[in-house]
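Following: one structure in structure tokens, then a few remarks.
The values are calculated or read from the model by the stated rules, or taken from the named source; none is laboratory data. Everything numeric here is computed off the predicted structure, so don't read it as measured data. When we count neighbours, we look across all protein chains shown, and the Cβ atoms used for this are built from the backbone with ideal geometry, even at glycine. To get the accessible areas, we keep the full protein, side chains included, count just its heavy atoms, and leave off ligands, DNA and RNA. Shrake-Rupley method; radii C 1.70, N 1.55, O 1.52, S 1.80 Å.
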Amino acid sequence: MDANSETSGQQPPLPPRPVPPDIDTAGGRGPADAVEAKWQSLRLTWQWGQAVHRIRAPERPFPGIVPLLEAAATQPRLRRLYPLTSHLALCFSSSTSYPWTLHAGSIEPLDNGRFTVRRRKPSAVIGEVDNAEEAVALLLELLPVGFEPVITATSEHERV
């Protein structure tokens with residue numbers, strides 16, 4: 001922030017909104033491309049949201065969704081699934097469009113910097129952990145061993 005912004009009480013300009021990949025176009029190339037585009041889109045969108053939050057509300061912490069996405073992205077078993085967020089919870093689907101075929105469970109960043117891991121069926125809190133890496137490790141334990149590869153939500157359910 002420059003001296004003029006500080007004395008005038010104006011906020012610095014917001015960072016430019018990123019241009020995420022076109023998930024529909026990527027999906028036209030196949031489900032694996034749709035999955036990769038969605039991972040990139042989520043990361044870019046949440047990173048931008050975090051940067052904007054730091055300008056608009058620096059006194060309040062931003063939910064730990066960015067480190068969660070980064071930790072999840074390092075896991076090959078999760079990278080094969082279509083990631084989505086709902087109410088800050090990170091979920092994973094084997095379908096690239098609605099209706100989602102959700103696997104394992106979800107991870108929700110908490111206001112206190114910790115993470116809650118929930119099982120999908122039956123729905124239950126499995127644990128609350130200190131960091132994104134621990135949350136991802138716990139979720140991986142819930143992922144079925146022989147989970148289906150990513151599919152598209154077509155009548156034929158193409159498989160990769």
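Quick notes on this one:
- GNM flexibility winner over the chain from E108, E70, E141 (Cα, springs under 10 Å): E141
- Using alpha-carbon coordinates, inclination of helix 31-56 to the longest axis of the chain, degrees: 20
- The angle separating the long axis of helix 132-142 from the principal Cα axis of greatest extent in the chain is about 20 degrees.
- The range 26-160 shape via C-alpha gyration tensor axes, a/c threshold 1.5: oblate
- Positive-end residue of L110, A32, W100, charge dipole of the chain with Cβ unit charges: W100
- Structure remark: mean-square fluctuation, Gaussian network model of the chain, C-alpha springs under 10 Å; the largest value among H87, H103, H53 belongs to H87.
- Probe 1.4 Å, accessible area per residue of the chain, Å²: 57
- Taking the Cα centre of the range 102-143 as reference, the dipole from Cβ charges on Lys and Arg (+1) and Asp and Glu (-1) amounts to some 340 debye.
- Electrostatic dipole magnitude of the chain [Cβ: Lys, Arg +1; Asp, Glu -1; Cα centre; debye, to 20]: 280
- Within the range 19-60, backbone nitrogen closer than 11 Å to the virtual label 7 Å beyond the Cα of S97 toward Cβ: 24-25, 27-28
- In percent, rounded to a whole number, the relative contact order of the chain is 18, using alpha-carbon pairs under 8 Å and six or more apart.
- Chain lengthening between V19 and R79 when straightened (0.36 nm per residue, less Cα-Cα): 19.5 nm
- Candidates P12, P83, P20: whichever shows maximal mean-square fluctuation once the chain is modelled as a Gaussian network with Cα springs under 10 Å: P12
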